[in-house]
1. At 222 nm, what value in deg cm²/dmol follows for the chain if DSSP H runs of at least 4 each add -39500 (n - 2.57) and the sum is divided by all its residues, to the nearest 500?
2. Identify all aspartates and glutamates with a Cα-Cα distance to Lys2 below 16 Å; exclude those on the same chain that are fewer than 8 residues away in sequence.
3. Cβ under 10 Å from Val189's Cβ, Val189 left aside: what net charge do those residues give with Lys, Arg +1 and Asp, Glu -1?
4. Residue farthest toward the positive end of the dipole of the chain, with Cβ of Lys/Arg at +1 and Asp/Glu at -1: which of Ala205, Gly76, Ser281?
5. For the chain, set up a GNM with springs between Cα atoms under 10 Å and report which of Ser142, Ser26, Ser56 has the largest fluctuation.
6. For the chain, give me the percentage of DSSP beta bridges that are antiparallel, rounded to the nearest 5 percent.
7. Cα centroids of the stretch 115-163 and the stretch 188-255: how far apart, whole angstrom?
8. Identify which of Gly221, Gly278, Gly131 has the largest mean-square fluctuation in a Gaussian network model of the chain, with springs joining Cα atoms closer than 10 Å.
Amino acid sequence: MKVPFVRPDVPDFRAVAADLEAALGSGALTKGPHLARLEAEAAAAVGAAHVVAVSSGTTGLMLVLAEIARESRAAGRTEVIVPSFIFLAGPAAIAWAGLVPVFVEVDPDTFTLDPAAVAAAVSDRTAAIMGCHTFGCPCDTSALEAIASQAGVPLVIDAAHGLGSEQHGRQVGAAGLAQVFSLSPTKLVVAGEGGLVATSSAALAVAVRIGREYGNDGSYGCSQAGINARMPEFSAILARASLARLPEVAARRRAAAAAYAEGLAGLPGISLQRIPAGATSSWKDFVIAVDPARPAGDREALRARLAAHGIDTRAYYSPACHQMEAFRRYLLPGQRLPVTDRLAATLLALPMGGHVTPAVAREIAAVIAGPT
Ligand SMILES: Cc1ncc(COP(=O)(O)O)c(C=O)c1O
């Protein structure tokens, strides 16, 4: 492909070489000094009281949800309200924690969790609400927090795409009980594999620290079953150097997104994700909606044409979670999710990242606008 869908946005080797060498020499390959520094730097960056680094965004979600499951089981609360239009790691983590995903709709324009749909789904079985900063667009945490607090349940955010996203002029991460970031290679901050659990709760931070360490609280006692979800020291070193570059990496994506938006403006049958006023997307993904009735062809036709020009794309998120074999069973009898079905059938993610300069974005927009 001439333009790959993604190319990991990583720091130069020279930025990490000395620390990697020192870590190798010291033998501190896990639970080393860089892990602790990463947690402190990330807490400052996202404005959270506590950050616990873990092996992935998925294990971070699993550990947070496992704690919620423990807290809410006695009250018979077992359900987590979650959009179906989300990466499958969210519903998977809910199921791993022994909870039940209750799928609801997203807003048709922002693609993020629809607060009205959440309010309608809350019941005395609700254990938590899970939103997502989908493709980097901050979800409406104020409205979701209000619903969660009225229901007396925690709000958890899948913030996998959230480093580089801002709300009210601040990096996202502080709202809700916990926000869980991913540092996998497609994100703006990369650890190789890794995740960050940001939380306002000292108790949850302790539970995640114990949970990431098999459930060992340090005494070799085990009060709850955990997993090994530690972030290796090499990953912490890479993540620290990567986090330091976040403003620059995010600015490049904003420039690419602006060039895409300009090139695609007014094209019949093509619409863009709406980023709410006062919010900034990280542009983890730049996603367009392709009207199936577009004379120039539907999403699959456009995808094929872009591929013929060497431009790699992804149909995110298709299928949606409620359409997947593992999660279909969680649909309520007769439940339909038409907004989600439509988004799953029409959205197309274009190449994004450091390799997509504004000139490349304009070139891709010109192919989309061009003759079929
Ligand atoms: C929205 C979303 N949630 C969760 C995850 C899982 O993160 P990780 O790959 O770090 O486990 C991803 C991964 O890409 C994601 O896109």
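No value in this document is a laboratory result; all are computed from the given coordinates. Because the structure is predicted, anything quoted here is derived from the model rather than measured. Cβ coordinates were reconstructed from backbone atoms using ideal geometry, including for glycine residues, and neighbour counts include every protein chain displayed.
1. Details: 12 runs with 143 residues, N = 372.
Helix contribution divided over all residues of the chain: -12000 deg cm²/dmol.
2. The reachable aspartates and glutamates, counting only those whose Cα sits under 16 Å from Lys2, are Asp312, Glu363.
3. Local charge sum for Val189: +2.
4. Ser281
5. Evaluated over the chain, the most mobile residue of the options is Ser26.
6. Of all bridge pairs located within the chain, approximately 60 percent are antiparallel.
7. Rounded to whole Å, the Cα centres lie 22 Å apart.
8. Of the options given, Gly221 has the highest mean-square fluctuation.
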